[in-house]
Structure formats: C-alpha cells, structure tokens
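Derivation of every value follows stated rules applied to the coordinates shown; laboratory data play no part. Fair warning: this is a prediction, and the values are worked out from it, not measured in the lab. Cβ sites come from the backbone with ideal geometry, for glycine too, and all protein chains shown count toward neighbours.
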Amino acid sequence: MSTTKLPNTTSLRPDFIWGVSTSSFQIEGATREDGRGLSIWDIHCQSGAIKNRDTGDVACDHYHRYREDVGLMKALGVQAYRFSVAWPRVLPQGWGSANEAGLAFYDRLIDELLAAEIEPWLCLYHWDLPQALEERGGWLNPESTAWFADYTALAAKRFGDRVKRFATFNEPSIFTLFGRSLGKRDCGSEDELHRTIHHVNLAHGAAVDVLRASVAGASIGCIHNRQPCRPASGNEADAAAAARLDVYWNDAFPDPQCRGAYPPSMRTAIEPHMKAGDLARICRPVDWFGLNHYSPVYVKANADSMLGYDFGDKPAGAPLTPIDWPIDPEAFRQTLESVHARYGLPIYVLENGYGSFDEPDQTGAVNDSGRIEFLKAYIEAMNAAASSGVDVRGYFIWSLLDNFEWDSGYSTRFGLTYVDYASLRRIPKSSFGWYTELIKARHSS
Ligand code: IFM
C-alpha cells in the first residue's frame with residue numbers, strides 16, 4: 001500500500017459514490033467475435049493511423065476477462081462502475097436485427113457487477129459508431145436521431161430491469177469537434193460540424209425520452225468533457241480564439257440540453273439546421289451532469305484553420321503529467337463551480353485521471369506515485385468545491401485498467417491497474433492500493 005496521505009474529503013456527502021470508468025472499444029477486444037459488427041474505430045485502426053499501428057482487436061480482452069475485472073473492482077471497494085455498450089456488438093448494422101450474443105455479454109457483465117454489489121452506470125455511446133451507419137452519413141444524417149433512439153430502446157428494454165443509471169453520450173463535444181466520427185480526426189466543414197452537433201443533441205433528447213418511458217426509476221444524464229480553454233498568450237487574437245473554442249468545447253451540448261438554448265455566438269450558424277420545436281426536443285429533464293475533467297487547454301489563433309484556432313504552448317514551467325497535460329487542480333475546482341452555477345444539477349465526476357508510461361520495476365511492482373499525488377490534489381480540489389456549496393455526488397477515476405488510448409494506442413496508460421498487453425496479466429499499481437485505502441477510510445468514517 002502507498003504511504004501517501006489520503007486527501008481531505010470531509011466536505012463530501014456521506015453517500016458520495018466512488019467509482020471507476022472504462023469504455024467498450026478501449027477495453028473489450030473480441031471485435032470479430034459472436035456476431036459483433038464493425039465500428040468506425042475498427043476501420044480507423046485498420047488504416048494504420050494509430051500509434052504503433054495498434055488496434056482494438058484484443059485491447060484488454062475484457063470481453064473474456066470481465067469476471068477478473070469485476071474482481072478488481074470488488075477489491076478496490078468501488079460502489080459504481082461506468083462502462084459503455086458497444087452499439088455494433090448489440091446491433092451489428094446499427095439498426096434492425098439485434099445480436100443476442102452481444103446482448104448476453106452485457107447481461108453477464110451487469111449480473112456479475114450486481115453480485116459484487118457494484119452499481120452499473122451504462123453509457124450508450126462512447127464513440128464506437130457502427131460502421132454501417134457511418135456509411136449512411138453517421139451523425140450528419142438526420143436519421144441518426146431515430147437510429148440512436150431505437151438503439152436506446154433496445155438497451156433500455158434489455159438492461160433496464162437491472163440498470164438504472166444511464167448516460168446518453170460520452171463527451172459529445174470531443175467526438176464532434178475532432179471528427180464527427182472521431183476516427184477521422186476531422187469534423188468536416190463548419191456547416192457539417194453544426195449539423196452534427198444539432199443531430200447529436202436531438203439524439204440525446206430522444207434517448208432521454210425513451211429511457212424515461214421504459215425504465216422505471218431511471219437516473220439519466222449526459223457526460224460532458226469540460227476544460228477551461230485559455231489563451232496561450234496575452235494577445236487579443238489568442239483570447240478571441242480561446243473564447244470561441246470554449247463555446248464549442250464546453251457549452252454546445254449542455255447549454256441546449258440543460259438550459260434550452262444554444263450559446264448566443266453559435267445561434268446564427270445552428271439556426272438554419274433547426275426545425276420548430278427542436279430545442280424543446282433536446283432540453284429534456286435530466287437527473288445529473290456528468291463531468292469529465294483533466295486539465296486546461298491552451299489555445300492560439302490561426303485564421304487559416306477551422307474555427308480559427310490551434311493548440312498553443314502551455315505556460316512555461318507549468319507542472320505536467322508524463323503525457324504533458326497540465327496539472328491544475330485549481331482549474332478542476334473552478335470547473336466544478338462553473339458547472340454548478342451554470343446548470344444547477346447534481347454533478348458526478350465520471351472521469352478524472354493521469355496519463356503516464358508506467359512499467360513494472362525489477363520486483364514486478366508498478367509504482368505510480370505521480371498518479372497518487374495527482375488524484376489526491378484533484379480530490380482535495382473537489383472537496384474544496386463541495387465546501388463552497390457545489391453539489392458533487394460522485395467521483396469515478398479514469399480508468400480501472402490501462403487501455404486503448406485512441407490515437408496513442410497502448411502507449412499511454414491511465415489505469416489504476418497495469419495491463420501487460422503480451423500476457424494480458426493485470427497488475428494493480430500502487431495507486432490501486434491507495435484508492436482502496438481511501439474508499440475504506442470513507443466507509444469507516
Ligand atoms: O481515454 C479517454 C476517454 O475515452 C475519454 N475521456 C478522456 C480519456 C483520456 O484521454
């Protein structure tokens with residue numbers, strides 16, 4: 001166990017939920033098994049675009065090792081686990097005939113979680129769009145709202161007897177800004193970006209309605225990636241670029257979903273794509289705000305790029321994680337406060353974590369003291385936000401396991417558990433022991 005002190009959590013509610021998060025494509029593997037259809041990420045990986053030409057074909061092999069992984073969660077003592085359903089595993093063509101073997105996998109996972117007294121938090125979409133739907137235009141196609149509603153109905157009907165916590169989307173601003181399918185790493189023209197944003201918002205609203213109508217006691221939200229967008233310099237153009245990106249990154253989804261209006265600076269661009277009543281269809285009552293937070297983003301102006309921005313340099317001397325993301329717990333506190341003030345919903349932090357290049361030492365142990373320091377500082381920032389009145393109700397670490405980190409493949413590790421990708425052996429890191437101690441201490445206080 002780590003000897004690093006535990007954070008001060010005295011301002012967090014007694015029923016505060018401690019959890020871990022993952023996503024389907026990043027951990028499951030078994031991409032060609034049991035009737036799963038292809039996703040846009042399978043195709044993107046096939047193109048060799050990922051670091052080291054990594055693919056999701058095996059990933060952490062969670063599809064076969066889910067029991068062992070639930071065992072890890074049980075050892076951690078977490079009360080909740082956020083995972084996502086791979087849409088092409090349950091609907092290989094994206095709509096139409098369901099794949100019984102794919103549904104049965106999630107049945108097994110959910111049952112295993114419940115037997116371990118871990119509450120399943122099911123996210124419907126963490127970026128692995130069925131390739132068959134991408135070929136029909138993906139989120140650019142106005143029919144995508146109906147595709148997503150049908151898929152949601154299938155998941156609700158099958159799992160809603162045992163799952164009550166549902167998230168519609170994970171980080172819609174990220175997969176729309178950086179590629180309407182993410183895999184492409186581009187988001188088309190500005191016009192296409194605006195249409196995509198609107199369709200995803202409509203799909204969210206439709207899914208909330210489906211869940212409400214079909215799952216008794218459902219607790220529903222959407223998970224937003226929210227980071228301060230800061231100018232990389234003191235010059236005015238950079239400040240304007242940062243303010244513009246901030247609207248797309250942070251407000252384009254929660255504003256219409258939770259406040260019933262697009263941010264003013266986007267309205268002229270979005271309105272041509274809206275039909276009467278769309279905002280009411282998007283702004284359906286949700287139960288919580290899912291927040292994924294890592295670190296501030298530094299922005300510089302680039303008049304030649306879409307939306308007029310590029311990523312700029314971080315402030316000289318800023319503390320960084322091994323993957324060069326700024327460590328800034330104060331930004332986390334401010335983000336929690338701004339979400340609370342702007343949306344007034346209970347907040348669940350559904351991702352926060354530390355990317356690194358951990359490797360076992362000669363004894364086989366993985367000492368990730370940097371991650372422990374990071375988590376401690378961020379949890380204390382959350383505690384400070386709670387002490388000033390922010391209604392934060394849960395904290396989920398990204399991630400249970402090292403996993404497929406999108407374009408970085410397996411080179412970057414976010415897990416509390418090290419995965420040896422050659423043998424698929426799991427090795428709990430020192431942060432795993434530290435988080436276990438924290439949860440234990442909370443339960444005994
Ligand atoms: O791994 C990702 C996750 O899929 C979405 N949020 C950020 C994480 C770390 O980059």
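Worth pointing out:
- Percent of alpha-carbon pairs separated by more than 12 Å within segment 100-144: 71
- Residue-averaged 222 nm ellipticity for the chain, from DSSP H runs of 4+ at -39500 (n - 2.57), nearest 500: -11500 deg cm²/dmol
- Rg and Dmax, both from the Cα atoms of segment 1-75 and both in Å, are 17.8, 49.
- Debye intensity ratio in log₁₀ form over the Cα atoms of the chain, taken at each q of 0.06, 0.07, 0.09, 0.11 Å⁻¹: -0.23, -0.31, -0.54, -0.84
- Value of relative contact order over the chain, rounded to a whole percent, pairs C-alpha under 8 Å and six or more apart: 19
- Cα coordinate range in segment 137-266, projected on the principal axes (Å, largest first): 55, 29, 25
- Calculated FRET efficiency for the pair residue 108/residue 437, C-beta based, R₀ 45 Å, to 0.05: 0.90
- In segment 270-344, inverting the average of 1/r over every pair of distinct C-alpha atoms gives 16.0 Å as the Kirkwood radius.
- Of the complete DSSP H runs in the chain, those spanning 18 angstrom or more by Cα along the long axis with a mean Kyte-Doolittle score not below -1.0 are 62-76, 100-115, 144-159, 190-214, 329-343, 369-387, 430-444.
- Between residue 393 and residue 192, the contour length at 0.36 nm per residue exceeds the alpha carbon distance by 68.7 nm.
- The loop-placed GluC sites (Glu not before Pro) in segment 140-232, going by DSSP, that have at most 16 neighbouring Cβ atoms within 10 Å of their Cβ come out as 143.
- For the pair segment 317-384 and segment 233-258, the centres of their Cα atoms are 22 angstrom apart.
- Extension gain, residue 407 back to residue 275 (0.36 nm per residue minus Cα-Cα distance, nm): 43.9 nm
- Separation in nanometres of the label points that stand 7 Å from Cα toward Cβ, at residue 67 and residue 427: 2.5
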